[in-house]
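Q: Take this structure, written in structure tokens, and hold onto it; I'll ask about it next.
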Amino acid sequence: MKTTPFTDIHIALGAKMSEFAGYNMPIEYSGIIDEHLTVCNAVGVFDVSHMGEFWVKGPKALEYLQKITSNNVAALEPGKVQYTCFPNDKGGIVDDFLLYQYEPEKYLLVVNAANIEKDWNWCVKQNTEGAILENASDHMAQLAIQGPKALETLQKLTSVNLSDIPYYTFVVGELAGEKEVIISNTGYTGAGGFELYFYPEASEKIWNAVFEAGKEFGIKPVGLGCRDTLRLEMGFCLYGNDINDTTSTIEAGLGWITKFTEGKNFISRPLWEKHKAEGTTRKLIGFEMIDRGIPRHGYELMNEAGEIIGEVTSGTMSPCRKIGIGMGYVKPEYSKAGTEIFVSVRGKGVKAVVVRPPFRK
């Protein structure tokens, strides 16, 4: 298994470790619920160094990115971040990712850990424009400092005014004595905070500084288990569960990252335009359990007559709400908020209701 610069620290701190995307990663420390609530109420630190990072540079960078991504890259400017995806050539999604404009002809793509090789091969294959591509995944470390006390924690370590970094923007500055740290007001928890990118050699120094700064706020290391429950409470899609090579952004409720602007002839555009104009045969919904039960990935969704209308893609017991919550694809006629549906749990239909995420307000 691959390791991150923090793997030995996780093991020394007693984390429950497991393989994820080929890496030996911490799944939990003090328990998923405790870590989840720490991020919601204070501050938690995720090691996300397993994520992939690609640079796209040169005079052809914009033209190339406009072709391979769904969002409008031309709307970016240096210091801005965009959530977007790679459409494939069959109307599905190769991966979802963050796109940073570093300079006018320099972009950083942060992709999912499980898809690094797949994404890199796709990017290389599609590069008929001659953009300059660099896979920097093994040369970057990343920590996500998430929660309402994240700003106060990190402000102790930098002269950069973090309050001046709006959501989905970033700066490059000094932090904990290390220069050229990317300080990004992003994260996939819905609890606020920052993601830090830096050279692996600085990892231990930055880790120790962050935990010392956050001590008064009850800072804790947190694992991938609560990363999943946090994103699900917000209704954020997880690649491989809620979106994949067979789902379109229109089906998944991601029309807002799909821009049909003039001159942006991205891959799969005609198929997705058709989805938008004519509708789809399924829609991704959020739902809450009315009866007791925990929905799980792969469970069937049914109507009152017991007919199968779809399938659960993500589900859990909400640590904040203390009820079962989930996401799944259903036939469009069952996608309206307030519609009662049933989750097949061990062969029994358990009542739920369609709601519009987030589940955690």
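Q: Quick one: in the stretch 126-233, what % of C-alpha pairs are over 17 Å apart?
A: 56 percent
Q: With only Lys, Arg, Asp and Glu charged, each at its Cβ (+1 for the first two, -1 for the last two), find how big the charge dipole of the stretch 1-130 is about the Cα centre; round to the nearest 20 debye.
A: That gives a dipole near 340 debye.
Q: May I ask you to derive the relative contact order of the stretch 1-97, considering only C-alpha pairs under 8 Å and at least 6 residues apart, and to give it as an integer percent?
A: 15 percent
Q: Work out the length of the dipole vector of the stretch 206-361 about its Cα centre, built from +1 on the beta-carbon of each Lys and Arg and -1 on the beta-carbon of each Asp and Glu, and round it to the nearest 20 debye.
A: Details: 23 positive and 18 negative charges, 68 e Å.
With only Lys, Arg, Asp and Glu charged at Cβ, the dipole is about 320 debye.
Q: Quick check: from the Cα gyration tensor, does the stretch 34-107 come out rounded (a/c under 1.5), prolate or oblate?
A: Values: a/c = 2.56, a/b = 1.71, b/c = 1.49.
It is prolate, given that a/c is not under 1.5 and a/b is the larger ratio.
Q: Determine which residues of the stretch 196-232 fall in the zone a paramagnetic label at Glu152 would reach in this model, i.e. backbone nitrogen under 12 Å from the point 7 Å along Cα→Cβ.
A: 214-219
Q: Further question: Which pairs in the list Lys57/Lys283; Lys118/Lys283; Lys118/Lys205 are over 29 Å apart, alpha-carbon to alpha-carbon? All intermediate terms of the calculation are to be shown ahead of the outcome.
A: Details: Lys57/Lys283 36 Å; Lys118/Lys283 26 Å; Lys118/Lys205 32 Å.
From the list (Lys57/Lys283; Lys118/Lys283; Lys118/Lys205), the Cα-Cα distance tops 29 Å for Lys57/Lys283; Lys118/Lys205.
Q: Continuing with the same structure: Assigning unit charges at the beta carbon (Lys, Arg +1; Asp, Glu -1) and nothing else, what dipole magnitude in debye, to the nearest 20, does the chain show about its Cα centre?
A: 960 debye
Q: Can you compute the radius of gyration and Dmax for the chain, using only the Cα atoms, both in Å?
A: Using the Cα atoms of the chain, the pair Rg, Dmax is 20.7, 63 Å.
Q: Work out the charge dipole of the chain with +1 on the Cβ of Lys and Arg and -1 on the Cβ of Asp and Glu about the Cα centre, then indicate which of Gly306, Pro332, Leu230 is farthest towards its positive end.
A: Value: Gly306.
Q: Could you check the spin-label model distance between Asp291 and Glu77? Points 7 Å from the Cα along Cα→Cβ, value in nm.
A: The modelled label-to-label distance comes out at 5.5 nm.
Q: Using the 2.2 N^0.38 Å rule of thumb for compact globular proteins, work out how the stretch 103-149 stacks up: its C-alpha Rg over that value, please.
A: 1.45
Q: Suppose a student asked you for the relative contact order of the chain, using Cα pairs under 8 Å spaced at least 6 residues apart; what percent would you report?
A: Value for the chain: 17 percent.
Q: Can you order the peptides 34-46, 106-118, 130-142 by their average number of other Cβ atoms within 10 Å per residue, highest first?
A: 34-46, 106-118, 130-142
Q: Contact order normalised by length for the stretch 129-195, with contacts defined as Cα pairs under 8 Å and 6 or more residues apart; what percent is it?
A: The normalised contact order for the stretch 129-195 reaches 33 percent.
Q: Another question, then. Taking square-rooted eigenvalues a ≥ b ≥ c of the alpha carbon gyration tensor, is the stretch 224-317 rounded, prolate or oblate, where a/c under 1.5 means rounded and, failing that, a/b exceeding b/c means prolate? Don't jump to the answer; show the numbers that get you there.
A: On the way: a/c = 2.81, a/b = 1.60, b/c = 1.76.
Oblate.
Q: Follow-up question, since we're still on this one. Extending each Cα 7 Å along its Cβ direction at Leu271 and Val171, get the distance between those two points in nm, one decimal.
A: Each label point is offset 7 Å from its Cα along the Cβ direction, giving 4.3 nm.
Q: Just report the Cα centroid separation between the stretch 296-361 and the stretch 141-162, whole Å.
A: What the calculation gives is 36 Å, centre to centre.
Here, each number is a calculation from the coordinates, and none is a lab measurement. Source: prediction; values computed, not measured. A quick note on method: Cβ atoms are made from the backbone with ideal geometry, for glycine too, and the neighbour counts reach across all protein chains shown.
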